Amino acid sequence: MKPTRVAVLAALGMMLTSVSVYSLTPPGGLHGGGPGPVGTIGATVDTVAETSVDQTEIAHFTAGSTLTVDGRLGHPKLARSGNGETFVMLEVKGEGSAKAHVAAPVNLALVIDRSGSMKGTRIRNAINAATTAIGRLNEGDTVSVVTFDTQVQVVVPPTVISSGSRDRMMDDIRRIGLGGDTCISCGIEQGMSLIEQTPGKVNKMILLSDGDANHGVRDVQGFRSIAQRAASRGMSVTTIGVDVDYNEKIMAAIAQDSNGRHYFVENDAALARVFEAEAESLTSTVASGAEVAIDLAPGVELDRVFDRTFRRSGNRIIVPLGTFGRGDVKTVLIKVKVPAQTDGKVAVAAVDLTYRDLAAGSDSRCAGKLALEVGDGAGAGDLDPAVSGRVRRSETVTTLNEANGLFAQGRVVEAQRKLDQQEKSLRTAADDAKKAAPASRAKEIDADFQNQIAAIGGANTGFAAPVAAARPSPAFAQGPGDVANASPFAAPPAAPPQESRAGKSAVKLNQQRAVELGF
């Protein structure tokens with residue numbers, strides 16, 4: 001996705017991203033579902049364009065054009081006496097070019113919470129944001145608009161944008177009124193149904209809510225299942241949580257499992273800029289239906305897949321990646337165990353990336369293979385610097401989520417100690433990776449580590465302020481100066497600090513950072 005930065009989010013800190021580590025599961029994948037076609041995975045050599053692979057090292061390859069895939073192992077060599085553990089990391093990037101454009105028009109569904117809590121400026125700014133997004137799209141694109149409380153209302157059925165229909169849609173949106181409670185799953189299901197009425201386009205859903213799900217599906221796993229269904233149908237869902245009372249775990253899970261983005265917008269006045277940025281990013285889309293298949297070589301065992309949903313069939317791991325804009329980068333990281341009983345070259349994995357090339361208007365694929373050397377005295381040494389950065393990102397995601405949990409329980413000192421430990425570990429790893437990185441990637445790898453350090457530092461700062469603010473006091477309100485002077489190790493208040501507005505804001509922002517890091 002085009003890396004557009006929204007001003008209000010930038011003010012809260014660099015937007016980073018999402019998530020928990022998935023452990024190894026039986027064939028069928030973490031969330032069930034057997035291997036099935038997504039995107040162009042079932043295309044044959046006769047129907048897809050293939051790109052050549054530049055493979056001068058057995059433990060690293062680069063291939064592709066509109067989408068490029070950089071594949072590498074954590075270790076190019078392993079000791080014969082070792083445990084054989086290493087990593088496979090893939091970086092997939094939307095390259096595109098000046099002539100690249102969306103070959104198929106956009107199919108966008110706006111799904112907007114109209115429950116009673118959206119009263120006042122929230123619903124007005126949501127309406128303004130929706131009309132702003134429609135104004136950014138091109139003629140020929142399709143838009144549908146759904147609102148939800150305990151039930152759903154189709155405000156705009158799937159409508160092709162034209163000079164006349166655009167104004168009519170905006171008028172219909174401006175008449176949106178308030179309702180009762182919140183059924184988020186109802187809104188998503190209706191949005192998916194409307195998107196499916198218009199095939200052959202780049203599918204996108206933007207979901208906005210300011211509250212928790214109190215009707216329909218209510219648990220995180222249930223929303224993950226819905227999001228995975230959306231992804232399997234070629235739809236990504238960007239979620240926008242407004243103010244500090246929405247359920248960040250649910251909204252983050254929907255975005256993560258559908259390969260969408262997650263935004264925390266504390267000030268609803270910024271909604272128009274977020275919607276506009278998302279709509280604009282659709283115009284830079286260069287590929288859709290992207291999916292990578294990793295075929296592990298005989299004897300290679302899968303340990304776990306980090307931060308992404310996947311399907312598994314025997315030794316094949318299939319990871320859906322969805323839609324790419326120019327400059328978009330998404331990663332896949334898995335941990336494997338390689339047989340290390342014999343000397344010489346050992347095959348580890350074959351990688352096959354398939355997608356719809358919107359610049360060329362055709363299905364495309366690129367591929368490569370990874371292997372390593374095993375031998376006596378061939379010590380594994382340090383992790384590849386790029387792989388090290390990605391492994392650390394997953395650790396940072398886990399740390400942010402665990403710190404959020406501790407903070408919610410009022411265990412602020414423990415949360416901050418955990419953050420401090422991760423920051424110290426990141427600084428040491430960053431120094432080592434910077435020294436070992438090739439000159440061509442040193443700046444990029446260092447930036448990865450610095451982003452993680454900034455995320456941890458921002459979390460620590462966010463947790464420090466609410467503690468001081470939550471102390472029993474005749475005058476509860478505090479100004480910016482109190483945040484700077486708050487003690488990072490102040491005693492926790494009697495009530496969980498997340499009950500304060502500042503505490504909720506810190507938790508929400510950490511969830512957003514976790515989602516971005518998980519990409």
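Bear in mind these aren't lab numbers, they're just calculated from the coordinates by the rules spelled out. Just so it is clear, the model here is predicted, and its values are computed rather than measured. So basically every Cβ, Gly included, is an ideal-geometry build from the backbone, and we count neighbours across all protein chains shown.
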Which peptide among 292-301, 249-258 comes first, and what is the full order, when sorted by highest mean count of other Cβ atoms within 10 Å?
-> 249-258, 292-301
Dipole of the range 237-389, Cα-centred, from +1 at each Lys and Arg C-beta and -1 at each Asp and Glu C-beta, to the nearest 20 debye?
-> 540
So what's the net charge close to V143: Lys and Arg +1, Asp and Glu -1, counting the other residues with Cβ under 12 Å from its Cβ?
-> +2
List the residues whose amide H sits under 5 Å from the amide H of D303, counting only those 5 or more places along or on another chain, with H placed 1.01 Å from N in the peptide plane.
-> K335, V336, K337
How large is log10 I(q)/I(0) at q = 0.16, 0.18, 0.20 Å⁻¹ when the Debye formula is applied to the Cα atoms of the range 330-382, each weighted equally and without solvent?
-> -0.66, -0.75, -0.84
Taking the Cβ of V286 as the centre, find all other residues whose Cβ is under 9 Å away and add up their charges (Lys, Arg: +1; Asp, Glu: -1).
-> -2
Computed about the Cα centre, the charge dipole of the range 176-244 from +1 Lys/Arg and -1 Asp/Glu charges at the Cβ has a magnitude in debye, to the nearest 20, of 400
Mind checking which lysines have their Cα closer than 20 Å to the Cα of K369? Skip sequence neighbours fewer than 8 apart in that chain.
-> K77, K93, K330, K335, K337, K345
Determine the dipole magnitude for the range 326-419: charges of +1 sit on the beta-carbon of Lys and Arg, -1 on that of Asp and Glu, nothing else is charged, the reference point is the Cα centre, and the result goes in debye to the nearest 20.
-> 360
Add +1 for every Lys or Arg and -1 for every Asp or Glu among the other residues with Cβ under 10 Å from the Cβ of T309, and state the total.
-> +1
What ranking do I226, I206, I184 get, fewest neighbouring Cβ atoms within 10 angstrom at the top?
-> I226, I206, I184
Could you line up R304, R393 from fewest to most neighbouring Cβ atoms inside 10 Å?
-> R304, R393
